[in-house]
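Below: one structure, written as structure tokens.
Here, each number is a calculation from the coordinates, and none is a lab measurement. Everything numeric here is computed off the predicted structure, so don't read it as measured data. Quick reminder, even Gly has a Cβ in these numbers, built from the backbone with ideal geometry, and neighbours come from all protein chains shown.
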Amino acid sequence: MTKRTGQCLCGGVTLTAHGDVIEADVCHCSMCRRQGGGGAYFAARFTGGITFETSETLKWYRGSTHGERGFCTDCGASIAWRLQAHPDKVGVSLGALNDTSGIQINSHIFTDNGPDYYTIPTDAPHKTGQQVMTEFMERQQQAENK
């Protein structure tokens with residue numbers, strides 16, 4: 001099984017991503033831009049999940065009714081994102097990984113919320129917020145019907 005290690009800027013949070021990339025997305029919503037200081041948020045989920053090796057400085061912030069954002073309380077680095085309903089399905093910040101070789105962006109999401117001050121690249125499909133939520137709800141329903 002493939003493993004990738006990662007950490008925050010100060011090393012207070014260390015992690016291991018297990019397995020292959022399920023998806024790697026770039027989110028352009030206003031919350032992600034605010035969290036990252038103005039730019040998009042790059043994250044990936046892995047087939048074997050994420051293990052936090054050291055996490056004394058990891059804090060989860062409920063930024064919305066459905067999502068939580070993980071960051072280091074010492075250096076402020078953005079580490080991860082997860083759904084409150086599925087805390088084991090963590091999307092890790094690509095910037096936290098020590099090795100990102102071979103990771104390709106699958107889609108740019110919440111493109112209808114992107115700012116005027118940068119152009120969203122066309123290297124991967126664009127999805128509006130409504131498209132993202134519709135796809136998510138369809139996957140949830142399929143999982144419940146299994």
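One table, with the values for the structure above:
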{"quantity": "Cα-based reach from K59 at 14 Å (exclusive), listing aspartates and glutamates while leaving out same-chain residues under 8 positions away", "calculated": "E68, D74"}
{"quantity": "Residues of type lysines that K146 reaches as a straight line, Cα spacing below 25 Å, ignoring anything fewer than 8 places off in the same chain", "calculated": "K89"}
{"quantity": "Selection from T119, T73, T14 lying farthest towards where the dipole of the chain points positive, charges on Cβ", "calculated": "T73"}
{"quantity": "Assigned charges on the beta-carbon of Lys, Arg, Asp, Glu; the chain dipole about Cα centre (debye)", "calculated": "200"}
{"quantity": "Phi-based couplings in Hz for the stretch 80-86 (Karplus 6.51, -1.76, 1.60; Gly and Pro marked x)", "calculated": "7, 9, 8, 7, 4, 6, 9"}
{"quantity": "Charge tally in the Cβ shell below 10 Å around K127, where Lys, Arg are +1 and Asp, Glu are -1, K127 excluded", "calculated": "-3"}
